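See structure below.
The values are calculated or read from the model by the stated rules, or taken from the named source; none is laboratory data. Every value quoted in this text rests on a predicted model; they were computed, and no experiment measured them. Note that we place each Cβ from the backbone using ideal geometry, even for glycine, and neighbour counts take in every protein chain shown.
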Amino acid sequence: MIERKGLVTAKGNPLTLIGAEIKIGDIAPDFSVVDVEQKTVTLKDIKAKIKLFSVVPSLDTSVCDLQTQRFELEAASVPGDVGIFTLSMDLPFAQARYCGAHAITKLKTLSDHREASFGTAYGVLIKENRLLSRSIFILDANNTVRYVEYVKDISTHPDYTKAIAALKQVVG
């Protein structure tokens, strides 16, 4: 498996990402994760034409919480057939509890805890702690990657303005 060292940090400490880098124009790789009901979800199972994957290390941290709540708000206002998903290594039980506590109803949470399939396919699995590195991926109706952001320091926020602008451009 490909290891990419020092591309991201946690509060300045270098981390190693496992998996190849995803680039704009790539066909999105498939993955196998589970939803809050512990049902397997693959890329093919997602019915939404346009997909935004908001990837966080853990919903139990302040930046991940704010990132998820921000995309929940955006999910309510984005027109068209768009699915917004938060992916983490959190257990499905924890994700369900989080969604209930924060009234998350528009976006869906997906857990990569079983196989780290999303993490390795999208190059965001952190070797040092088996969490996912903060990132954003937007796929069009053909599952072509139209936007990518690997956040340089996982303790900081992604560029919400750029991600939402890219999503709106893909939606048309």
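A quick yes/no check of all residues on (1) in contact with a Leu (Cβ under 7 Å, 6 or more places away or on another chain); (2) at positive phi:
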site: S62; (1), (2): no, no
site: Q67; (1), (2): no, no
site: G80; (1), (2): no, yes
site: I84; (1), (2): yes, no
site: M89; (1), (2): yes, no
site: P92; (1), (2): no, no
site: R97; (1), (2): no, no
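Only one of the listed residues (S135, S111) is small (G, A, S), in contact with a helix residue (DSSP H, G or I) (Cβ under 8 Å, 6 or more places away or on another chain) and modelled with pLDDT of 95 or more. That residue is S111. The residue of region 148-163 that is nearest to the chain's Cα centre (by Cα), among those that are within 21 Å of V82 (Cα to Cα) and surrounded by fewer than 19 Cβ atoms within 10 Å (Cβ to Cβ), is E149. Residue pairs whose Cβ atoms lie under 8 Å apart, separated by 6 or more positions or on different chains, with the first residue in region 145-169 and over 21 Å from L59 (Cα atoms) and the second in a loop (DSSP other than H, G, I, E, B) and of a type in the set (V, I, T), are V145/I22; V145/I24; R146/I24; Y147/I24; L167/V78; K168/V78.
Counting only strands (runs of 3 or more DSSP E) that fall entirely inside region 40-145 and contain at least 1 residues that are polar (S, T, N, Q), surrounded by fewer than 18 Cβ atoms within 10 Å (Cβ to Cβ) and more than 15 Å from the chain's Cα centre (by Cα), the qualifying elements are 40-42. If the condition is being in contact (Cβ under 8 Å) with a residue 60 or more places away in the chain and under 20 Å from L43 (Cβ atoms), then region 87-115 contributes K108, T109, L110, S111, D112, H113, R114, E115.
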